[in-house]
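First comes the structure, then the notes that go with it.
The values are calculated or read from the model by the stated rules, or taken from the named source; none is laboratory data. This structure is a prediction, so every number in the text was calculated from the model and none was measured. Cβ placement follows ideal geometry from the backbone for every residue including glycine, while neighbour counts extend to all protein chains displayed. Side chains are part of the model used for accessible areas, which takes the heavy atoms of the whole protein and leaves out ligands, DNA and RNA. Shrake-Rupley method; radii C 1.70, N 1.55, O 1.52, S 1.80 Å.
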Amino acid sequence: WRLLVKTFREMWGGVSTAANEMPLKHVVVGMVLLTVVLAVVQYWMLGLNPVHTVLAVVFSVPLALVAIRVTGETNIGPVSPMGNMMQVMFAIIAPGNMVANMCSSGMTGSVVATSTDVQSDFKTGYLLGTSPKRLVRYEMFGVVIGAACTAVFYPILKAAYGIGEGGQLSAPTAMKWKGFAEVLNKGFDALPPGCLTAFAVSIIIGILLTVLQRKYKFLGGAAMGVGIAWLVPGFVIVSMALGGLVLLALN
C-alpha cells in the first residue's frame, strides 16, 4: 500500500526523479485526454456509458501496479485474472450489463498487458543504456504502428479463419471473459457453490503471505507463486517447480 500511495502522490504532484525520465505530469495529462477519447469512442461504437469507461480506467491503474509487481517477481503477466477482477467489480457497479462487463475487462486487460510489456522493455532499455524518456517516445511510435496494423490485419484474419466460437482462432482469454460475463449477468447466485468464500480466503492468504515476507525473506514472491499455481495447468506448474529445484541445487 505504501508503493500505491507513493505512486499516486508523485503522479498528483508531477514529480520526476531524474531529467531523463518522462515527467509524470505529462503521463497524467495524456491519461486524462486519452480516457476522454476512449469514452467518446466506446459510447459512439458500443453504447457504453462514459462514466463506466472512466471508472474502468481508474480501477485499472491499481490492478496494473499489482500486475507489474507479479511480472517482476514471476515473469508472468496476469492479464486474464486482472480482467476477471474488473468483471467482478462491474458485476456490482453495473449488474446485468454485459457491454459494461466485457468492455471493462477488455480495458483492464489492455492496460495490464501494455504495462507488463513496457516493464520488460524498460529492463531491456536499462541494460542497453538508453533513457526512460526515449523509451516512452519509441513506445508511442509503436502504439501508432500497432494500431494501424491491427486495423488492417484483424478483419483479414477474422474473414479468413473466424474468431471465437465456430472459428479457427479460439481467442481463449476473450472466450473466458465472455463466459464469466454471462455467468455474472445472472447474478452472484449463479456462481459455483463456495466460489465467493474461496475468493475471500484467497485474498486473505495473499495478504498474509505478502505481509509475512517482510519478516521471512524466503516467502518473497510466495503469494504470486501460489496464485499462479491455482490458475495454470498442473503439468506446467510441475515443470516450473522441477526447474526451480534444479536451479536451487546448482546454486
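Brief remarks on what is shown
- Nearest-0.05 FRET efficiency for residue 183 and residue 159, computed from C-beta distance (R0 30 Å): 0.50
- The modelled label-to-label distance between residue 239 and residue 173, using points 7 Å beyond Cα along the C-beta direction, is 1.9 nm.
- Computed with every protein chain present, the accessible area of residue 248 is close to 130 Å² [probe 1.4 Å].
- Solvent exposure of the range 94-139, expressed per residue, is 54 Å² of accessible area, with all protein chains present and a 1.4 angstrom probe.
- Listed by chain and number, the lysines whose alpha-carbon sits under 29 Å from that of residue 178, ignoring those within fewer than 8 places in the same chain, are 158, 186.
- Residue 213 paired with residue 33, simple spin-label distance in nm, labels 7 Å along Cα-to-beta-carbon: 3.7 nm
- With every protein chain in place, the chain: carbon and sulfur % of accessible area (1.4 Å): 72 percent
- Over the chain: helical MRE at 222 nm, DSSP H runs n ≥ 4 each giving -39500 (n - 2.57), nearest 500: -26500 deg cm²/dmol
- At R0 = 25 Å, FRET efficiency that the Cβ-Cβ distance of residue 147 and residue 127 yields, to 0.05: 0.35
- Rounded to the nearest 10 square angstrom, residue 68 shows an accessible area of 50 square angstrom against a 1.4 Å probe.
- Other residues lying with their Cβ under 14 Å from the Cβ of residue 171 contribute a combined charge of +2, Lys and Arg counting +1, Asp and Glu -1.
- Positive minus negative residues near residue 143 (Lys, Arg vs Asp, Glu; Cβ under 12 Å): -1
- Over the chain: Kirkwood hydrodynamic radius from C-alpha pairwise inverse distances, Å: 20.6 Å
- Computed over the range 68-191, the quotient of the alpha carbon radius of gyration and 2.2 N^0.38 Å is 1.27.
- Bridgeable lysines around residue 133 (alpha carbons under 27 Å apart, same-chain partners fewer than 8 residues away excluded): 6, 25, 123.
- Accessible surface of residue 182 - all protein chains present, 1.4 Å probe, nearest 10 Å²: 80 Å²
- The range 26-83: mean projected area of Cα convex hull, nm²: 4.6 nm²
- For the range 153-251, the alpha-carbon radius of gyration amounts to 1.54 times the rule-of-thumb value 2.2 N^0.38 Å expected for a compact globular protein.
- The largest accessible area among 203, 92 belongs to the first residue in 92, 203, and the rest follow in falling order (1.4 Å probe, all chains).
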